[in-house]
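The values are calculated or read from the model by the stated rules, or taken from the named source; none is laboratory data. Model, not experiment: these values are computed from the prediction. Cβ sites come from the backbone with ideal geometry, for glycine too, and all protein chains shown count toward neighbours.
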Amino acid sequence: MTRAELEHAIRAAGAICGDRELYVVGSQAILGAFPDATGVLVQSMEANLAPKNLPELESLVEGSIGELSPFHQTFGFYVDGVDVSSVALPVGWRERVLVIDTPNTNGYRGLCLSPGDLAASKLVAGREKDLAFVRAMMRARMVAPALVRERLVQVPNLSPDRLATLEEIVRRLASS
């Protein structure tokens, strides 16, 4: 997904749900900080968006422009409506979002996770593709391992054992 496609997704999702602000919480949030990101960082064809002020309408967004919808078939990407409370995020993440507000978003604003918060969220999710994503972020110097460790400590409800495991993963990813 390109930055222009993400802007299109923000505009379309906002128009469908009537919310002027949408959180971008999946991998495409990287485009908020790095509009020209490439490779594994932008290979996903889905934008994970959550209406900020009307969260109950996330399913309307997904049902309208989600996977296999006419929107998806026409444009080659889709929107996955998400409940932001179901995403593991560090305390304070809302204060660190990066805003996409361009003529292409037509008055709708994408509130993208900061790189550190995105990396922490991906690590907690722990899928192989998430680990590859964080590795690519570190290799491209989009996020420092120390910041990722700091953000992991701020994720609520991580047990000490789980936190230690994730910190070890950060160490391994940073050295690979």
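A few notes on this one:
- Residue within region 69-78 that is in the same structural domain as L54 (by TED's automatic domain parsing), buried (at least 19 other Cβ atoms within 10 Å of the Cβ) and of a type in the set (V, I, T) present: no
- Of the helices (runs of 4 or more DSSP H) entirely within region 105-176, those holding at least 2 residues that are of a type in the set (S, T, N, Q) occupy 160-175.
A quick yes/no check of all residues on (1) closer than 19 Å to I30 by Cα; (2) at pLDDT 95 or above; (3) surrounded by 13 or more Cβ atoms within 10 Å (Cβ to Cβ); (4) not assigned by TED's automatic domain parsing to the domain that holds E21:
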{"site": "E67", "(1), (2), (3), (4)": "no, yes, yes, no"}
{"site": "D80", "(1), (2), (3), (4)": "yes, yes, yes, no"}
{"site": "G92", "(1), (2), (3), (4)": "yes, yes, no, no"}
{"site": "R135", "(1), (2), (3), (4)": "yes, yes, yes, yes"}
{"site": "A140", "(1), (2), (3), (4)": "yes, yes, yes, yes"}
{"site": "D161", "(1), (2), (3), (4)": "no, yes, no, yes"}
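- Selection count, region 163-176, where residues are β-branched (V, I, T) and surrounded by 15 or more Cβ atoms within 10 Å (Cβ to Cβ): 2
- Test for L152: is it crowded, with 19+ Cβ neighbours inside 10 Å and in contact with a Ser or Thr (Cβ under 6 Å, 6 or more places away or on another chain): no
- For region 37-55, the criterion of being part of a helix (DSSP H, G or I), surrounded by 16 or more Cβ atoms within 10 Å (Cβ to Cβ) and of a type in the set (D, E, K, R) is met by no residue.
- Residue selected from region 83-104 under the condition of a type in the set (V, I, T), touching a strand residue (DSSP E or B) at 6+ places or on another chain (Cβ under 6 Å) and outside any helix (DSSP H, G or I), by the criterion farthest from T2 (Cα to Cα): V97
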